[in-house]
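See structure below.
The values are calculated or read from the model by the stated rules, or taken from the named source; none is laboratory data. If you're wondering where the values come from, they're calculated on a predicted model, not measured in any experiment. Don't worry about glycine lacking a Cβ; one is built from the backbone with ideal geometry, like all the others, and counts go over all protein chains shown. The accessibility values were calculated without ligands, DNA or RNA, using every heavy atom of the protein model including side chains. Shrake-Rupley method; radii C 1.70, N 1.55, O 1.52, S 1.80 Å.
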Amino acid sequence: MPESTGEKSFETREFQAEVKQILDIVVNSLYTDREIFLRELISNAADALEKFRYENLTDKHVKDRDLPLEIIIQLDDKEHSLTITDTGIGMTRDELIENLGTIAHSGSKAFIQQLADVSRKDLNLIGQFGVGFYAAFMVAKKIRVLTRSYRPDAEGCEWGSDGIGSYTISRVEGLRRGTKIILELKDDAREFAGVETVKRIIRQYSSFVPFTIRVNGEQVNTVQAIWTRNKNEITEEEYTEFYKFIANTYDEPLYRLHFSADAPLAINALLFVPKQNFERFGFGRMESGVNLYCRKILIQQQAESILPEWLRFVKGVVDSEDIPLNISRETMQDSALVARLRRAITSRFLKFLNEQAKAEPEKYAEFWKIFGFFLKEGITSDFTHRDELAKLLRFESSKTEPGKLISLADYTSRMQEGQKEIYYINGPTREIIEAGPYLEAFRARDLEVIYTHEAVDDFVLSHLMEYDEKKLVSADQAELELPVLEDKPGAEPLDSETVKSLTGWLKETLGDKVSEVKESKRLINSPAVILNQDSLMTSSMQRVMQAVNKDLGAIGRKTLEINARHELIKRLAVLREKDADFARLAAEQVYDNALISAGLLADPRGMVDRMYHILKRALA
Ligand code: ADP
Ligand code: MG
């Protein structure tokens, strides 16, 4: 076995298993957009140059200080080779082993999985999962990497591999700082030694690389920091190309926000919302997608502290003159200045979303479908922006057409006179909510009820507590003050004496399952309903807990309300006197049915037997 810090000048090492997996896919790839390999190599070279530029600012002892920072591509039509050289940070021997022999990112495992599973292998995403380098094996039968770190005492190293199983590492004399990668092209990939082809690919994918790129001596890109330019002078295409460059993607953004501010902080920001949410595809938690610059110098890539975590889907650039150049990741975390910057940018971004929602509601609905989850996360985790976020929430309601969404502002704007609360009810679908017993009371009073479909929604709304000084109240709560109905529809109710003894008997029969049984003031069509006495423990919250722990029954204190006008309840009152045993069965079934309507039935076993029993009687 080779040692990790080899003294030997030459050794052969095995790739890590995950690397072998990805190489196996890449080497045999019939992927038609193979040219993206160049984008990945250039992006690595640019990263290495950015890192060097940063080290050079803060560290006096870097190697080959005077080398120009640039990317050189040499094409050899006769040898069928492509060589890309950068004067960036370079790699030590240990870094070579770590970076080009293993995969560190957790998200990349999911990516490899997906590549292995899906028949249409879209390698375009390869760069987003921290394995972009290996894309070069789509076009190369052999790759050599010659590199020397910027550290003054570093030695030069060579890495070589044909992409199958293993690679070699050896010591090399006479290298300058940076990395040279030599691709020996596959026979069917010789076109990538052609100057015109390569120039076209660079223009297509890499025109925003902030370093000069030369192909056989000729400069092919114009270096520019687009975000510092005047908005009016930037074309749509330039914006889109820039987005593709920083997001390392191939499609267009959903939203774009370009703004600058002078006070209280000097900010130049260009932010994008992508069209897809990779977290939802099971790729693991995203890292921040915003790079932090100071006067066009990259301070930090994927800077976590510059936006709150729940905005990690946003891609882009923030440039602020107020940030000290030598700020470290650690100091960024708790710097008061960075916190102010974050607040300012976040507020601006949320305001932008709000404007977009008003201007183009349908497009915003699309955004909401993909990224609403993150905004909800923001409400539950970030007090600072809670009120701004509340404006961005969208829900279906009892007064919308299926699929149409409203905001809390829409709701409050059409509340009834004297209505003080905003009502919501959770259920997996609109149909299920509307078939259940909870809506009856609201429907009879023409009160609007917000429908929430996601498990987190009740958590979000109970965190929010109120909107525009109106309390948010779940419709499955026991204590509700609804306006009294003048003439309640339906038959005559049971007299109050009978109701009193029936509810007392029900409480006795159901025992600890309910903490209270009482006559309902809200039910119209259903015989009974389960309500929650603890305002935070809504039925949807309990469903979430039950999903985690299957043995969990109904949680929290429950009220069973019965409808004294309902035929079933009336008959139950009579049956109780004649056949107490059978009445007990019926009572338990009424309770279970109410639980089912609340989406809460945990154990169906006892119920099935009971149903047979009841059926037998009914069929007699
Ligand atoms: P990613 O760029 O997302 O980290 P890659 O597979 O493209 O993933 O590259 C893996 C790592 O190899 C990089 O993070 C970097 O540390 C190192 N690397 C690749 N190319 C270079 C280069 N030209 N100069 C210095 N380091 C490099
Ligand atoms: Mg890369």
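For the reader, a short list of remarks on this structure follows.
- What you get for the chain, charging only the Cβ of Lys and Arg (+1) and of Asp and Glu (-1), is a dipole of about 160 debye around the Cα centre.
- Helix-derived mean residue ellipticity, 222 nm - over the chain, DSSP H n ≥ 4, -39500 (n - 2.57), to 500: -11500 deg cm²/dmol
- Mean separation of Cα contacts under 8 Å (6+ apart) over length of segment 10-219, as relative contact order %: 33
- Loop-resident sites, segment 456-548, for GluC sites (Glu not before Pro), counting at most 16 other Cβ within 10 Å (DSSP): E469, E479, E481, E486
- For the chain, the solvent-accessible area with a 1.4 angstrom probe is 48 square angstrom per residue.
- In percent, rounded to a whole number, the relative contact order of segment 212-275 is 24, using alpha-carbon pairs under 8 Å and six or more apart.
- Spatial extent of segment 235-302: Rg and Dmax, with the Cα atoms as the point set, Å: 13.5, 40
- Value of relative contact order over the chain, rounded to a whole percent, pairs C-alpha under 8 Å and six or more apart: 9
- Filtered trypsin sites (Lys or Arg not before Pro), segment 153-220: DSSP coil and at most 16 other beta carbons within 10 Å: R176
- Of the DSSP H helices in the chain, those whose Cα atoms cover at least 20 Å axially and whose Kyte score averages 0.0 or more: 336-359, 580-597
- Of all accessible heavy-atom area on segment 496-619, the percent that carbon and sulfur account for (1.4 Å): 54
- Portion, in percent, of the accessible area of segment 262-373 that falls on carbon or sulfur, probe 1.4 Å: 48
- Simple Cβ-charge dipole of segment 144-202, Lys/Arg +1 and Asp/Glu -1, about Cα centre, in debye nearest 20: 340
- Cα lying deepest toward the dipole's positive end in the chain, options I22, T412, A193, charges on Cβ: I22
- Charge dipole magnitude, Cβ of K and R +1, D and E -1 - segment 348-409, Cα centre, debye nearest 20: 80
- Local net charge near D76, Cβ-Cβ under 11 Å (Lys/Arg +1, Asp/Glu -1): -1
- Solvent-accessible area of R343, all protein chains in place: 110 Å² (probe radius 1.4 Å, heavy atoms, ligands and nucleic acids excluded).
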